[in-house]
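Please treat every number below as a calculation from the coordinates, not as lab data. None of the values given here were measured: they were computed from a predicted structure. Methodologically, a virtual Cβ is constructed for each residue, glycine included, from the backbone with ideal geometry; neighbour enumeration extends over all protein chains shown.
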Amino acid sequence: MEVFERKASDNKYLHRDFHISMNMLMEYICEKFGPASLTDYLKDFSREFHKRRKAELMKDRLDVLHEYFQRIYKEEEWEIKITITENELNLTQAACPGISYIREKGFDPIDQYIETYTTVYGELCEGTPYEYIMTDFCKETGACTQVFRRRVG
Amino acid sequence: MISCTEFIPAYSEGFRFLENKGGFEEVKEFWNYLADRYLEESLRKHVADMGLRGCYIYWKKALSEEAADFRMTLDEEKGEFRIEMKRCPSKGMLLEIDHMEPYEKYCLHCPALYSRVLEPLGYEYTMDLSETDEARCSVLVKKKD
């Protein structure tokens, strides 16, 4: 008989296959209910998951997003350039960890994959003093620049 | 981006979204879709090639990457594979996020996905879900008589 035993502290939490499952969940919603439903789902998720960060952003705490992105990219073991000023948080990445892993395993990211950025963070900024801007998104790699910028006026 | 470390709350909300769209039947249909695609080259292939040892190999990797607190036993002579999950990382995470309500049938995705793969290969998958509100469960996979 073989026995294998592990405690949570024995391993780092990093199961990259979840990127594939996420892609399949979004693919299913798109195929079954259409792309507008995917947008609805991602907005629902953003409202629930980022509820506390949004509340901080309402209080002008852009630093909370700065810390958040530093943490999740560190956990993902993924390179990103992050800069913050009084009015702006900039994130530049040469590739997306999700898209890269999905392709590495022989799958195709859905056409709407960009919405895991634009819809999720657009919803996070809704009603706050900040707007979310995505520029130069490469569908092949997920290379992009993202900006959280204080709204003018 | 939805980081792979944030997938579990996204998954839970996804199940809720599907249930609101088409009831629990819709959620189960998605689980079938996922099992047929996601587990095809991993669990199904491992078990088709190696029998119960394929379960051991599949879950050793998956549960280690998920930093689970667990004990697995493989008894090939008895034709049994067991997982004693002392702290499920997924349900544990959902219970820890106190501003989100976990999808109430969240844990049912495990038996739904794994039975669909293992049953046609000649194995029975049973799961004790009585302690999932404390992120604990147990699994028994055995050869069908």
_I'd like to check something: does segment B:42-60 contain any residue that is closer than 20 Å to A:Tyr13 by Cα, of a type in the set (D, E, K, R), facing chain A (nearest Cβ under 7 Å) and without any contact (Cβ under 8 Å) to a residue 60 or more places away in the chain?_
yes
*asked:* Being assigned to a loop (DSSP other than H, G, I, E, B) and either facing another protein chain (nearest Cβ under 7 Å) or within 30 Å of B:Ile83 (Cα to Cα) (or both) narrows it down to one residue among A:His19, A:His15; which is it?
replied: A:His15
*Please go through segment B:88-133 and pick out each residue that is over 13 Å from the mean Cα position of the chain (by Cα) and over 19 Å from B:Pro9 (Cβ atoms).*
B:Glu119, B:Pro120, B:Leu121, B:Gly122, B:Tyr123, B:Glu124, B:Ser130, B:Glu131
*Pairs, please: C-beta under 9 Å, at least 6 apart or cross-chain, first residue farther than 20 Å from A:Arg151 by Cα and in segment A:64-90, second in a loop (DSSP other than H, G, I, E, B) and among the polar types (S, T, N, Q)?*
A:Ile72/B:Ser3; A:Tyr73/B:Ser3; A:Glu75/B:Ser3; A:Glu76/B:Ser3; A:Trp78/B:Ser3
*Counting only residues that are more than 7 Å from chain A (Cβ to nearest Cβ) and either surrounded by fewer than 20 Cβ atoms within 10 Å (Cβ to Cβ) or farther than 20 Å from B:Arg116 by Cα (or both), how many does segment B:13-30 have?*
10
*asked:* I'm checking my understanding of the structure. Among residues of segment B:84-105 that are more than 9 Å from chain A (Cβ to nearest Cβ) and buried (at least 18 other Cβ atoms within 10 Å of the Cβ), which one is farthest from A:Phe45 (Cα to Cα)?
replied: B:Met85
*Is one or more of the residues making up segment A:19-41 over 30 Å from B:Leu52 (Cα atoms), acidic (Asp, Glu) and surrounded by 15 or more Cβ atoms within 10 Å (Cβ to Cβ)?*
yes
*Scan segment A:120-146 for residues that are crowded, with 18+ Cβ neighbours inside 10 Å, touching a residue at least 24 places away in the same chain (Cβ under 8 Å) and in a strand (DSSP E or B) and jot them down.*
A:Tyr130, A:Cys144, A:Gln146
*Out of the residues in segment A:45-57 that are facing chain B (nearest Cβ under 8 Å) and surrounded by fewer than 17 Cβ atoms within 10 Å (Cβ to Cβ), which is farthest from A:Thr118 (Cα to Cα)?*
A:Arg52
_Residues of segment A:58-104 satisfying the condition of being in a helix (DSSP H, G or I), within 10 Å of another protein chain (Cβ to nearest Cβ) and hydrophobic (A, V, I, L, M, F, W, C)_ = A:Phe69, A:Ile72, A:Ile99
*Collect the residues in segment A:22-31 that are within 17 Å of the chain's Cα centre (by Cα) and more than 7 Å from chain B (Cβ to nearest Cβ), keeping them in residue-number order.*
A:Asn23, A:Met26, A:Glu27
*State whether one or more residues within segment B:1-19 are outside any helix (DSSP H, G or I) and more than 30 Å from A:Leu124 (Cα to Cα).*
no
